[in-house]
Amino acid sequence: MMDPLLTYLIFIPAIISLLIFWCTPNRKTGLWAGLMIGALYYTYFHYWVYATIVVGLLVLVALIRRKKTPEHWQAALWLTGVAVLITIPYWINFFQYMRLPSSREVTDGLGSMEYGRSFRLLQPFSVVFDYIFYLALGVMVYWFWWRGKERVKQNQAILYWVFIAAMFVVWNVQVIIGYVPQPDHWFRTVSPLVFVIGIHILYELLRQINQRVIVIGLIILSTLLVAKKIVNVFIFANPPVQVLADYSFNPQTIDSWQWFNKNIAGEPVIVSPSFMSSLYLITETAARPYLATRVNSSVSNAILETRFLETFRAFDVPNVMVERLLRSDPQELCGNFVDCLIPNTNDTQNWLKTPRNLYSAYYRNRISEPDEASIFRHVTEAKAQELSRRYQQMPAISWNQLDVEYVYYGHWERQLVKNNLSLNPNLMLVYKNSEEELYRIKR
C-alpha cells in the first residue's frame, strides 16, 4: 500500500479546512485550519512544506487585503498562531536530531537528496508540461470565478491561485535552500489540489449541460467501476498459484516468528546475515536485529558497516559472496534486469537489497556507472572495494564477541552461507523446523 493512501487521511482534511477557512473566515475556522496544518508536520514532510507555503501566501494576501477583507486577516492570524504552537514539539525533535553526529548520513540515506540551486525544468525529470497544466488551471480559474466580479467567487479564485502558485514554488524550493529531499514526491503532494480544482472546474462545466445527460453518463461510469471491482474481487479471492508462491512468506519462516513471540520474553538482540530476515524480525517479532537496516536506524554509516562486516565474519560468509552482494549485479543474480523485478520475490530481494538496506539511498545519484546495476547497487565501486578489503583483513569472530543473545539461521541465510551451526559448542538450539533454526548464545 502506497503511503499516500494513509497520509491522505490527514492531508485531505487539511485541504478541506483551508477551503472552509478562506470561504468562511472567522476565529473558529482559523483555529481548525491551524490545527490541521500543524498536524501535517507529523504526517509527511512534503505535505507540510507545501501547506506552509500555501499558508504563507494566504497570510500575505490577507495582509495586502486587510482593509478590504479584515476577516481574512484576523482568521489568518489565528491559523498561523495555532499552527506554530502545534509544531513546537516537531521543531524540538528536529533540532535534537540535527545535533546527532549521524544526522546528515541518516537524512541522505532515507531519501534521494538533491543538491543545487537550479530551477527545475528538464532534469532529472521534466515538469515542463506540469507547469503548462498549472498555467491552464490558473486561466480557467480566472474564467470561471474571477471575471464575474462576485466577491464570493473572487475569494475562491484567490485561494485556487494560491494553491497553483505554491505548486510552482515547491518544485523549486532548492533554489531557495540549496537542496530538496525526494523531489519526485511533489507529484503526490500537488495531485489532490489539482484534483480539487479540476473537479470544481468540471462541476462548473457540467452545470451548463442537460442534467439527463449527466445522470446517464454517471450511471455508465458507475457501472463500469462496479464491474471492475467485482472482477478484482474474484481475482483477489482466487489468485494464480504462481502469484501466491512469489509473494507469500515461507510457512516455516512464519512458524519461527510465531514461536519466537510465544516463547522468548523481552526484546533480545538477534543476529542474521540476511537483511531480509533482519528487516522482518523487526516487524514480525519483538527481537532487535544486530544487523541494523538504514531505514530503521539512526546510527552512523560507520557503525552499520562494522556490524555488517562483523555479522558476516561470525557466520564465516565467503569473501566472494561479500563482494557479490555489495555489487548486487542483476545480470549475474537474476539473468536480466526484468527478472530482478518480475517476480519481485523476497528470495530475489535477499540478494539485491544488501547494499540498499545497508545504506538505503545514501549513494543514490552518486553512482558514476550508467549501467543497469547502478539502479540496485547504491554503493560506489570505491566503497565496495573498501568494505571487501576490510572484510578480508578481519580476523575470525566468535559468537561471544558479538553483543547479541540469539542467532537466526534459515532459508534466506542459506542463500548466503552454508553452515552447520549445531556443531558450534557456543550455540544452543532452541527452535528448529524444516527450514529455520534459532540458537541461543551460551555465555
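Tell me the angle of helix 381-393 to the major Cα principal axis of the chain, expressed in degrees between 0 and 90 and rounded to the nearest ten.
30
In whole percent, and with a 1.4 Å probe on the protein chains, what portion of the accessible area of the chain is carbon and sulfur?
64
Per residue, how large is the accessible surface of the chain? Use a 1.4 angstrom probe and give square angstrom.
53
PHE187 to SER118: extension gain in nm, 0.36 nm per residue of separation minus the Cα-Cα distance?
Working it through step by step, the gained length comes to 23.0 nm.
Apply 1/(1 + (r/R0)^6) to the Cβ-Cβ distance of ASN424 and GLN392, taking R0 = 25 Å, and write down the FRET efficiency to the nearest 0.05.
It comes out at approximately 0.65.
Quick check on packing: order 198-210, 284-296 by the mean number of other C-beta atoms within 10 Å, highest mean leading.
284-296, 198-210
For a 28 Å ceiling on Cα separation, which of these pairs sit above it: LYS353/LYS418; LYS383/LYS442; LYS28/LYS153; LYS353/LYS432; LYS383/LYS432?
Distance filter (> 28 Å) returns LYS383/LYS442; LYS383/LYS432.
If amide H atoms are built 1.01 Å from N in the plane of the peptide, which residues on other chains or at least 5 residues away come under 5 Å of the amide H of GLU114?
VAL180, GLN182
At a threshold of 8 angstrom on Cα-Cα distance, excluding pairs fewer than six apart, so keeping six or more, what relative contact order does the stretch 1-135 reach in percent?
23
Between LEU225 and TYR142, with labels modelled 7 Å along Cα→Cβ, what's the label distance in nm to one decimal, could you check?
Roughly 3.3 nm, to one decimal.
Relative contact order (percent) for the chain, with alpha-carbon contacts under 8 angstrom and 6 or more residues of separation?
Worked out over the chain, it gives 14 percent.
Between TYR431 and residues 5 or more places away or on another chain, which pairs have amide H atoms under 5 Å apart, with H built 1.01 Å from N, and which residues are they?
Residues meeting the amide H criterion: LEU438.
Sum up the charges of everything whose Cβ sits under 13 Å from the Cβ of LYS262, counting Lys and Arg as +1 and Asp and Glu as -1, but leave LYS262 out.
So the environment of LYS262 carries a net charge of -2.
So what is the calculated 222 nm ellipticity per residue for the chain, using -39500 (n - 2.57) for each DSSP H run with n of 4 or more, over all residues, to the nearest 500 deg cm²/dmol?
Using -39500 (n - 2.57) per qualifying helix, the result is -19500 deg cm²/dmol.
To the nearest 20 debye, what charge dipole does the chain have about its Cα centre, counting +1 at the Cβ of each Lys and Arg and -1 at the Cβ of each Asp and Glu?
The dipole of the chain has a size of about 1980 debye.
The values are calculated or read from the model by the stated rules, or taken from the named source; none is laboratory data. Computed from a prediction, not measured in an experiment: that's the story for all the values here. All Cβ positions, glycine included, derive from the backbone under ideal geometry; neighbour counts span all protein chains shown. For accessibility, only protein heavy atoms count, side chains too; no ligands or nucleic acids. Shrake-Rupley method; radii C 1.70, N 1.55, O 1.52, S 1.80 Å.
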